Each structure stands twice: as C-alpha cells, then as structure tokens.
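The values are calculated or read from the model by the stated rules, or taken from the named source; none is laboratory data. Note that the structure is predicted; figures quoted are calculated from it, not measured. FYI the Cβ positions are ideal-geometry reconstructions off the backbone, even for glycines, and counts take in every protein chain you see.
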Amino acid sequence: MTEATVATSPRTAIFGKPDLASADGKAEILIAMQNIWKTYDMGSEKVHALHGVSFEVHRGEYLAITGPSGSGKSTLMNLIGCLDTPSQGDYWLNGKNVSEMDDDELARIRNQEVGFVFQTFNLLARATALHNVELPLIYGGIPGARRHEMAKQALTEVDLVDRMMHRPNELSGGQRQRVAIARALVNHPSILLADEPTGALDTATSYDIMNLFEKLHEEGNTIILVTHEHDIAARAHRVISIRDGLIEKDEQIK
Amino acid sequence: MRAGMPALQLEMTFIDIRESALMAFDTVRSNKLRSALTILGVSVGVITVVFMVSIIQGLNKAFAAQIESLGSNTIWATKFDPSIGHQPTSEEIHRKELTIADADAIRREAPSVVGVSPFYRKINETVRYGDKQSDTPILIGVTPYHEFTVSSYVARGRYVTDLDVEARNNVCVLGLDLVKALFPNEDPLDKDIKISGHQFHVVGVMEPLGSILGQSRDNSVYIPITTFEKYYPDIEFPEIISAIIVRPVSRAYVKSAIDEMTDILRKQRRVAAGAPNNFGISSQDALLDIYNQLTGATYLVLTAISCVALMIGGIGVMNIMLVSVTERTKEIGLRKAVGATRTNILSQFLIEAVVLTAIGGLIGLSIGELFSFLTNRYSPLPAYVPPWAIVVGIGISAGVGIIFGLWPAWKAARLDPIESLRWE
C-alpha cells in the first residue's frame with residue numbers, strides 16, 4: 001500500500017482531482033478512474049487483474065461493464081463499489097479519493113455513495129422487506145421514524161410497498177430483486193451498482209427488472225451494470241468492455 | 001465532514017444495540033435446540049455460582065448469628081492464644097491459670113467493662129438422677145455475673161448467687177437437655193442429683209439456648225465457681241479450661257476494654273515490659289476473623305469450581321458463536337457492503353453472545369435461588385442469596401458473553417466483504 005501511495009504521487013500530479021463541472025457542458029464527473037492497477041499476490045507470482053484502467057463516468061449515466069469471466073470485470077466492480085482499493089492509481093468518487101481510504105472510511109463511503117444490487121439478492125432471510133430496506137439506514141445512523149419513512153418511500157419506488165411486511169421466502173424472485181433495488185436506492189446513493197442483477201431470474205422477470213432500471217435512470221440515477229450478457233448490456237447507454245484487465249472498448253450506444 | 005462524527009457514532013451505537021438485540025433473538029429463535037443447549041451450559045455455570053455463594057453466605061451468616069448469640073460483644077480472656085484448630089504449645093500449657101483474682105481486678109479497674117465473669121469448664125461430666133444418667137454434660141463453674149455476661153438466663157428457679165460462691169454450696173442450674181434426660185416426667189427443681197458422685201441440689205433451670213457450631217448449649221450444668229474448685233483443684237488441659245468473659249459497655253467500647261484488660265492482666269500476671277502477653281484475649285470480631293481465615297481456603301476452592309463451570313458454559317457460547325459467524329458469512333458480507341463498519345459487526349456479535357449468556361444467567365439465577373431455598377428448607381446447611389449476588393450473577397454471565405464472544409465477533413468483524421459475499 002505504501003509503495004502504491006508513493007508511486008501514485010506523480011500521477012496525481014498528472015491526473016489530479018477531476019474537474020467536477022466539466023467544460024463541455026456535460027453533467028459533473030461522478031467517477032474518475034485514473035490508471036487503476038490491481039495486483040494480487042498469489043505467493044509465487046503476482047497476478048495483475050487490472051493493468052492501468054482509466055475512465056470517467058458522469059452523473060446520470062447508464063453504464064454497462066461487460067467482459068468474459070476472468071477479464072477483471074469483477075475486480076473493477078469491487079473497486080467501483082469501494083469494497084476494495086486499487087494497488088495503484090486513484091479512484092475519485094463524487095469528489096473523494098477512495099484509493100487512500102481505510103476500512104471504516106470505505107464502509108462509510110459504501111453506505112452513502114453506493115447502492116449494491118446482487119445477482120442472488122442477498123436479503124436477510126428472517127427480516128421483512130421493510131427491515132431489509134432499512135438496513136443501510138441503520139448503519140447510516142438514521143433515527144427509527146425517519147428510517148421507516150425512507151424505506152417505505154424506496155419500496156414505493158419499486159412498487160412493493162404493499163408487500164413490505166413480507167419476508168423474502170414469501171416473495172417471488174422478481175419481487176426479491178426489487179426489494180434489493182429498494183435497499184440500494186434508500187440512501188439516495190451516487191451510484192447504483194448492479195452485479196448480474198438478472199442472473200438468477202427468468203427472461204420475463206429480467207425484462208421487468210431492466211425496465212425498472214430504465215425508469216430509475218430516467219429519474220436521474222447513475223447506474224452501473226456489471227454483466228456478461230450482451231442483451232442486458234445493450235439496455236445501457238454506454239458499454240465498457242473489459243478483457244485481460246484492460247478496457248477493450250468504451251462506446252456510447254444510445 | 002468530521003465535525004458531526006461523534007454524535008452520529010453515538011446515535012449509531014444506540015441503534016446498533018437494538019438491531020443487534022433483535023438479530024440475537026432472531027438467532028436464538030431460528031436455532032432453538034442449539035441455543036437452548038448453549039443457554040443450558042451458561043445456566044449450569046451460573047447455578048453453580050449462585051448456589052456456592054448462597055452456601056458460603058448462609059454459613060457466614062449462621063456463624064455470625066451464633067457468635068452474636070454468645071452474648072452481645074463479649075470478650076474472652078484465656079490462658080491460650082486465640083485460635084481454632086491448633087494445639088496449644090507447651091509454653092501456652094505451662095502458663096499460669098487465669099484466676100478469680102484476675103477477674104476481680106478487671107471488674108475493679110476497667111471502666112469500659114460492665115460485666116466480668118470468670119469460669120471453669122469441664123467436658124464429659126457424669127450426672128445422675130435416680131437410675132438416669134448422662135455422660136456428656138458440660139460442667140461450668142460460674143459466678144452470678146455469668147448469666148448476664150453471656151446473656152443466657154435462668155428460666156425457672158434461681159441462678160448461682162454470691163452466697164453460693166462464698167459458701168461453696170453444692171447447688172446447680174440445669175440446661176434443658178439435662179432436664180429432658182434426667183427428669184422426663186418430673187419437675188427438677190429442689191431435687192438432688194449426683195455430679196461425679198457428689199450430691200448437688202437443683203435450684204434452677206436455664207432457658208433454651210440453642211446450639212453453636214453444631215454443639216448444643218443446652219447440655220450444661222452450672223455450679224458455683226468455688227464449688228468447682230473444691231472438687232477440681234487441679235486444672236487439667238484439655239478436659240478443663242478456665243477463662244474470663246468480659247462484657248464491655250457497648251460495641252464501641254470493645255477496643256478500649258481489650259486495652260484495659262490487657263494492661264490489668266499484664267500487671268496481675270507480672271509480665272515484664274516488652275515481653276509478649278502470657279494470655280490470650282479474643283473478641284467476637286477476632287473470632288470472626290479466625291473463622292474467615294479458616295474458611296477462606298474452602299471458599300476459594302468453591303469459587304474455583306464455580307469458575308470452571310462458568311468457563312465450560314463460556315466455551316459453549318464461543319462454539320455457537322463461531323458456528324453462527326461461519327453460517328452467516330454472507331450476511332456479514334452484505335452488512336459490510338451496505339455500510340457496516342468493523343465496530344458495527346463486532347458489537348453485533350458481542351451483543352448476540354451477551355444476549356445468549358444473559359438469558360442463561362437469568363435462568364441460572366432463578367434455578368440457583370430455588371436450589372438454595374430448597375437447601376435452606378430441607379437440609380441442615382444454611383443457604384442465603386444476598387441481593388448483590390443477583391447483580392453479580394447477571395454481570396458475570398454478561399461478562400462470560402463478552403469474554404467468550406469476543407474472538408468469534410472479532411473474526412466476523414475482520415471478514416473481507418468481497419470474500420464473504422462470494423461465500424456459499
């Protein structure tokens with residue numbers, strides 16, 4: 001880490017903190033990845049999962065990250081979601097340099113800036129939909145009454161407020177994923193980060209969920225979708241393809 | 001950004017406790033058998049602690065009460081140094097006896113003293129009346145003050161009087177056990193009995209005195225001290241002992257009474273300045289000290305046993321918590337993903353462990369109380385659960401939760417969120 005920090009300094013001079021209000025009239029820059037490296041020490045050899053990835057995401061974008069397994073796509077997702085820090089390079093999220101943060105600061109950033117949606121939903125089995133949605137607010141220190149209100153609002157957003165007292169095993173797969181999306185939205189995070197959100201759902205339900213993402217995007221949310229399915233990626237407005245730890249393609253498709 | 005942190009943290013910790021407690025009850029509910037066994041382990045530990053404490057406290061209380069019943073705040077002067085359970089040294093055996101003259105000196109010269117009574121005591125005296133005989137009574141040679149000094153009074157008839165002492169009369173006052181043994185169907189007053197073959201006239205019967213340390217105090221015969229000397233001119237240890245019992249003005253005067261007695265006895269017995277006392281003085285407090293010294297080791301063993309029992313319960317808690325952490329790896333990953341810090345996770349699992357042990361503690365406390373109640377009721381052992389033991393019991397069980405929950409909770413807190421989320 002120390003080594004990385006030292007190595008980072010000159011590059012910071014090159015890249016530096018991104019200009020939030022960019023000159024070309026586009027929305028502010030929300031994510032700035034600046035020459036990101038991620039190296040895993042596997043004992044005898046060092047494995048470079050990412051070698052020098054740079055890109056920017058503006059507020060309100062709908063971005064898909066695709067790539068085959070082993071491409072470094074999951075590593076990139078973990079970095080974007082602040083579950084991990086890069087070995088080298090700077091990651092600016094909403095004006096904060098995440099790459100230099102410790103565990104507790106990362107937890108706070110995840111709580112406030114990132115809304116996760118997982119392939120397997122990851123709901124607490126014994127808690128109601130409402131309580132599941134409240135979870136990030138609990139760690140955000142939001143008092144009970146306000147928490148309740150915000151969670152209800154998020155469930156309304158995903159059209160499940162009438163099911164809020166149900167437990168996950170009383171809900172269908174699509175409903176569970178919508179609860180998970182409500183949980184991701186409840187804190188009004190900067191980004192919604194969805195990892196194969198339709199991977200465990202049938203086709204019809206997948207479309208419902210993708211429509212929901214579409215709607216959330218139209219409402220102004222920044223969405224980053226990580227998927228290996230091309231038709232799902234095609235629903236996004238911009239697609240970044242990762243291969244062998246590098247950006248292979250970065251294209252605006254809508 | 002940092003300015004608002006402490007308040008937020010406090011708020012979060014508070015919310016945390018509720019969330020954690022809910023989570024804990026959830027775990028208990030969804031793993032009923034496993035939780036029940038763990039709780040049982042802690043309960044057994046706490047039952048042991050409560051029960052041991054109740055026995056110790058009960059014995060202490062009973063002993064204190066019995067010491068108290070010897071007469072309020074009496075001070076004993078004896079030939080031997082005060083102790084329980086050690087044989088006197090030959091130096092002690094060869095000391096001069098305490099005499100009636102010594103007692104008189106104390107009565108005359110010690111202002112902190114209201115009653116002085118010298119006495120002789122002989123065990124295993126033979127007492128006969130007609131064809132009935134008792135071989136176990138204790139013969140006590142007393143002065144009239146004895147009754148007052150030790151707060152044991154005559155119930156019917158009269159006690160030994162000054163006249164009896166002066167005239168060395170063969171009169172006696174009987175304890176209740178002897179009345180029952182010798183006069184099952186008769187009134188003992190004004191009867192003549194034989195004590196070691198000498199004829200004595202029964203002039204009084206004592207009130208019931210109860211027992212001390214398992215020895216009946218009703219099994220005594222009181223005769224004038226001078227009459228005792230007449231028949232037993234040579235005092236042979238250990239069958240016969242002599243002592244002076246002194247009653248201070250009040251509890252506050254115990255210390256000064258002891259000081260005065262010491263000075264007087266040293267003068268009476270011609271102890272050279274700087275030489276150690278050739279007599280022993282003990283008060284009830286000193287007796288209690290000796291008792292505590294004697295029983296301290298026993299209590300230490302009992303406490304150690306309780307600790308072992310608690311530890312076994314604690315290991316059970318640690319076991320279930322480790323299983324719980326492993327089972328919920330994915331949940332921990334999720335909680336971390338949505339913003340739980342290490343501290344959050346640590347406190348959640350700690351609280352869960354404490355909830356488990358606190359439930360065990362409450363159950364253990366109730367059963368322990370029940371045990372000591374039953375012991376008190378149906379066995380000769382006195383048992384008493386002092387109010388502080390309840391607080392300590394709950395505290396200890398919570399402590400066990402914290403100590404044995406710490407490692408599993410620390411393990412949970414240190415889990416890597418990425419790995420945990422991937423865990424199946």
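The table for this structure:
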| read-out | value |
| --- | --- |
| Filtered residues of segment A:165-184 (kept if hydrophobic (A, V, I, L, M, F, W, C), within 13 Å of A:Leu123 (Cβ to Cβ) and either in contact with a helix residue (DSSP H, G or I) (Cβ under 6 Å, 6 or more places away or on another chain) or assigned to a loop (DSSP other than H, G, I, E, B) (or both)) | A:Leu171, A:Val179, A:Ala182 |
| The lone exception for B:Glu186 - which of (1) assigned to a loop (DSSP other than H, G, I, E, B); (2) among the acidic types (Asp, Glu); (3) over 19 Å from B:Met206 (Cβ atoms) it fails | (3) |
| Residues of segment B:213-269 that turn out to be of a type in the set (Asp, Glu), in contact with a helix residue (DSSP H, G or I) (Cβ under 8 Å, 6 or more places away or on another chain) and outside any helix (DSSP H, G or I), as a count | 1 |
| Looking only at segment A:112-149, and only at residues there that are farther than 24 Å from B:Arg422 by Cβ and assigned to a loop (DSSP other than H, G, I, E, B), the one that is nearest to the chain's Cα centre (by Cα) | A:Gly140 |
| Condition met for B:Ile258 (away from chain A (no Cβ under 14 Å), of a type in the set (Val, Ile, Thr), within 30 Å of B:Leu37 (Cβ to Cβ) and touching a residue at least 40 places away in the same chain (Cβ under 8 Å)) | no |
| Meets criteria (of a type in the set (A, V, I, L, M) and over 22 Å from B:Ala62 (Cβ atoms)) for B:Ile281 | yes |
| Residue in segment A:154-163 that is without any contact (Cβ under 8 Å) to a residue 12 or more places away in the chain, in a helix (DSSP H, G or I) and either under 22 Å from the mean Cα position of the chain (by Cα) or within 12 Å of another protein chain (Cβ to nearest Cβ) (or both) present | yes |
| Failed item, numbered, when B:Phe80 is tested on (1) in contact with a helix residue (DSSP H, G or I) (Cβ under 9 Å, 6 or more places away or on another chain); (2) assigned to a helix (DSSP H, G or I) | (2) |
| Filtered residue count, segment A:99-111, keeping only those that are more than 8 Å from every other protein chain (Cβ to nearest Cβ), part of a helix (DSSP H, G or I), within 18 Å of the chain's Cα centre (by Cα) and not hydroxyl-bearing (Ser, Thr, Tyr) | 3 |
| Criterion (within 30 Å of A:Arg183 (Cα to Cα), within 14 Å of chain A (Cβ to nearest Cβ) and either assigned to a loop (DSSP other than H, G, I, E, B) or among the polar types (S, T, N, Q) (or both)) met by exactly one of B:Thr343, B:Thr326 | B:Thr343 |
| Selected residue (only one of B:Val385, B:Val391, B:Val355 is more than 14 Å from chain A (Cβ to nearest Cβ) and in a loop (DSSP other than H, G, I, E, B)) | B:Val385 |
| From B:Ile315, B:Ile320, B:Ile305, B:Ile281, residue being among the aliphatic types (A, V, I, L, M) and touching a strand residue (DSSP E or B) at 6+ places or on another chain (Cβ under 6 Å) | B:Ile281 |
| Sole residue being under 23 Å from A:Leu79 (Cβ atoms) and acidic (Asp, Glu), chosen from A:Glu105, A:Glu149, A:Glu170, A:Glu157 | A:Glu105 |
| Single match in B:Leu356, B:Leu350, B:Leu365, B:Leu374 (criterion: surrounded by 18 or more Cβ atoms within 10 Å (Cβ to Cβ), within 26 Å of the chain's Cα centre (by Cα) and either over 30 Å from A:Gly81 (Cα atoms) or touching a residue at least 24 places away in the same chain (Cβ under 8 Å) (or both)) | B:Leu365 |
| Total residues in segment B:126-156, condition surrounded by 15 or more Cβ atoms within 10 Å (Cβ to Cβ) and closer than 22 Å to B:Gly115 by Cα | 15 |
| Matching residues in segment A:55-84 - criterion: being without any contact (Cβ under 8 Å) to a residue 24 or more places away in the chain and either over 16 Å from A:Ile240 (Cα atoms) or more than 14 Å from chain B (Cβ to nearest Cβ) (or both) | A:Gly70 |
| Search result, residues across segment A:185-204 that are over 10 Å from the mean Cα position of the chain (by Cα) and either polar (S, T, N, Q) or in a loop (DSSP other than H, G, I, E, B) (or both) | A:Val186, A:Asn187, A:His188, A:Glu196, A:Pro197, A:Thr198, A:Gly199, A:Ala200, A:Leu201, A:Asp202, A:Thr203 |
| Those residues of segment A:142-151 which are crowded, with 21+ Cβ neighbours inside 10 Å and either within 9 Å of chain B (Cβ to nearest Cβ) or without any contact (Cβ under 8 Å) to a residue 24 or more places away in the chain (or both), in sequence order | A:Ile142, A:Arg147 |
| Some residue of segment B:229-238 being at negative phi, surrounded by 19 or more Cβ atoms within 10 Å (Cβ to Cβ) and touching a residue at least 40 places away in the same chain (Cβ under 8 Å) | no |
| Single unsatisfied condition, B:Lys411 versus (1) modelled with pLDDT under 90; (2) surrounded by fewer than 22 Cβ atoms within 10 Å (Cβ to Cβ); (3) of a type outside the set (Asp, Glu) | (1) |
| Condition met for B:Lys330 (closer than 17 Å to B:Glu19 by Cα and not aliphatic (A, V, I, L, M)) | no |
| Condition check for A:Val117: under 20 Å from A:Ile31 (Cα atoms) and not hydroxyl-bearing (Ser, Thr, Tyr) | yes |
| Out of B:Lys122, B:Lys96, sole residue that is in contact (Cβ under 8 Å) with a residue 60 or more places away in the chain, under 27 Å from B:Asn73 (Cα atoms) and not assigned by TED's automatic domain parsing to the domain that holds B:Val221 | B:Lys96 |
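One line per residue, one yes/no per condition, for (1) in a loop (DSSP other than H, G, I, E, B); (2) buried (at least 18 other Cβ atoms within 10 Å of the Cβ); (3) within 20 Å of the chain's Cα centre (by Cα):
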site: B:Leu37; (1), (2), (3): no, no, no
site: B:Leu40; (1), (2), (3): no, no, no
site: B:Ser43; (1), (2), (3): no, yes, no
site: B:Thr48; (1), (2), (3): no, yes, yes
site: B:Ser54; (1), (2), (3): no, yes, yes
site: B:Lys61; (1), (2), (3): no, no, yes
site: B:Asp102; (1), (2), (3): no, yes, no
site: B:Val114; (1), (2), (3): no, no, no
